[in-house]
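> This structure is in C-alpha cells; I'll ask about it shortly.
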Amino acid sequence: LERNRRYWRSLPFPAARDQVSFRGSEVVYVYFPREGLQLHPLTTFKKANNMHGACERGEASCDRAGLRRLLDEMERFAVQRSRKFIAWEYGFAFDGGTPPWISGMAEATAIQAYGRAGDLLGDEHYFDVAKRAIGAFETLPPLGVRTTGFAGGVHYLQYSFAPRLYIFNAFLQTLIGLYDFS
C-alpha cells in the first residue's frame with residue numbers, strides 16, 4: 001500500500017504489466033490495471049537468479065550486496081502459510097483466483113535463488129530460508145501446490161487456487177528450481 005501511495009503521487013502512469021522498483025530496494029512490483037502496483041515474487045526471484053548468474057560468470061555487473069539486499073528484503077515479505085512452511089503470496093486477484101495465493105513456479109524459483117545465493121555468498125541462513133519454503137510442495141491446494149497430475153503422479157501447480165489447471169512449462173520450471181536446490 002505504501003509503495004502505491006508513493007508511486008501514484010508523482011510518477012508516470014505505467015502500462016499494464018510494467019515492472020517498477022523503488023530506490024533502495026531490489027524488489028520488483030508489477031502494475032496490474034484495477035489492482036495497482038503489486039509485489040511480484042516470481043519476477044523478483046528471477047532477478048535474484050540473474051544477479052547470481054552475473055556473479056558466477058564474473059561479469060562487471062555482479063552485485064553481491066544487491067543480491068543480499070534483495071533476498072533479505074524478500075525474506076521479510078515471506079508469510080508463515082502453515083505450521084509447515086513459509087511462502088511468498090500474491091496479493092491481487094488473477095485469472096479467477098482471489099488473494100492470497102501462491103505459485104509453485106515462484107516458490108521453486110525462490111528456493112532456487114536462496115540456495116544459489118547461499119553457495120555464492122557462503123551464507124547458511126539462505127539455505128535455511130529455502131528449506132522453510134519446501135513445505136509448499138508437500139501441501140495440497142489451496143494452501144500449498146502439490147496435487148495429483150492429470151495422468152497420476154505428483155504435479156505442482158502454477159496457481160494454488162486452480163487445482164485442476166496443469167501448465168506444463170510452469171511445472172517443468174518448478175522441477176528445475178527444486179532440482180537446482182537439491
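> Return the residues of region 1-27 that are in a loop (DSSP other than H, G, I, E, B) and either open to solvent by 50 Å² or more (accessible area, probe 1.4 Å) or more than 18 Å from L67 (Cα to Cα) (or both); say none if nothing qualifies.
Result: L1, L11, P12, F13, P14, A15, A16, R17, D18, S21, R23, G24.
> Out of the residues in region 107-141 that are β-branched (V, I, T) and crowded, with 22+ Cβ neighbours inside 10 Å, state the one that is farthest from the chain's Cα centre (by Cα).
V129
> Then there's this: Give the number of residues within region 31-67 that are at pLDDT 95 or above and out of contact with any Phe, Trp or Tyr (no Cβ under 9 Å at 6 or more places or on another chain).
21
> Identify, from the list G91, G104, G96, the residue that is within 27 Å of N4 (Cα to Cα), open to solvent by 30 Å² or more (accessible area, probe 1.4 Å) and in contact with a strand residue (DSSP E or B) (Cβ under 9 Å, 6 or more places away or on another chain).
G91
> Another question about this same structure. Looking only at region 68-81, which residues are farther than 15 Å from P41 by Cβ and either outside any helix (DSSP H, G or I) or modelled with pLDDT under 95 (or both)?
Across region 68-81, the qualifying residue is only Q80.
> Okay, moving on. Pairs under 7 Å by beta carbon, first residue closer than 9 Å to R116 by Cβ in region 51-62, partner of a type in the set (D, E) and open to solvent by less than 30 Å² (accessible area, probe 1.4 Å), six or more apart or different chains?
none
> Output the number of the condition that A170 fails; it satisfies all remaining conditions of (1) closer than 30 Å to D63 by Cβ; (2) surrounded by 22 or more Cβ atoms within 10 Å (Cβ to Cβ); (3) among the small types (G, A, S).
Status for A170: all satisfied but (2).
> Given the options R64, R83, R69, R76, name the one that is open to solvent by 70 Å² or more (accessible area, probe 1.4 Å) and touching an Asp or Glu at 6+ places or on another chain (Cβ under 6 Å).
Every option except R69 fails the conditions.
> Answer with yes or no whether L165 is surrounded by fewer than 18 Cβ atoms within 10 Å (Cβ to Cβ) and not polar (S, T, N, Q).
For L165, the condition - surrounded by fewer than 18 Cβ atoms within 10 Å (Cβ to Cβ) and not polar (S, T, N, Q) - is met.
> Which pairs do you get when a residue that is farther than 16 Å from T147 by Cα and free of Cβ contacts under 8 Å to residues at least 60 places away in the same chain, found in region 168-182, comes within reach of a residue that is of a type outside the set (K, R) and not in a helix (DSSP H, G or I), reach meaning Cβ atoms under 6 angstrom, with the pair 6+ apart or on two chains?
From residues that are farther than 16 Å from T147 by Cα and free of Cβ contacts under 8 Å to residues at least 60 places away in the same chain, there are no pairs.
> Still on this structure, I have one more. Of the numbered conditions (1) touching a residue at least 24 places away in the same chain (Cβ under 8 Å); (2) out of contact with any helix residue (DSSP H, G or I) (no Cβ under 7 Å at 6 or more places or on another chain); (3) of a type in the set (K, R), R9 fails exactly one; give the number of that condition.
Every condition holds for R9 apart from (1).
The values are calculated or read from the model by the stated rules, or taken from the named source; none is laboratory data. Quick caveat, the model's predicted, so the values are computed rather than measured. Note: ideal-geometry Cβ built from the backbone for every residue, glycine included; neighbour counts use all protein chains shown. Remember, those area values only see protein heavy atoms, side chains included, never the ligands or the DNA or RNA. Shrake-Rupley method; radii C 1.70, N 1.55, O 1.52, S 1.80 Å.
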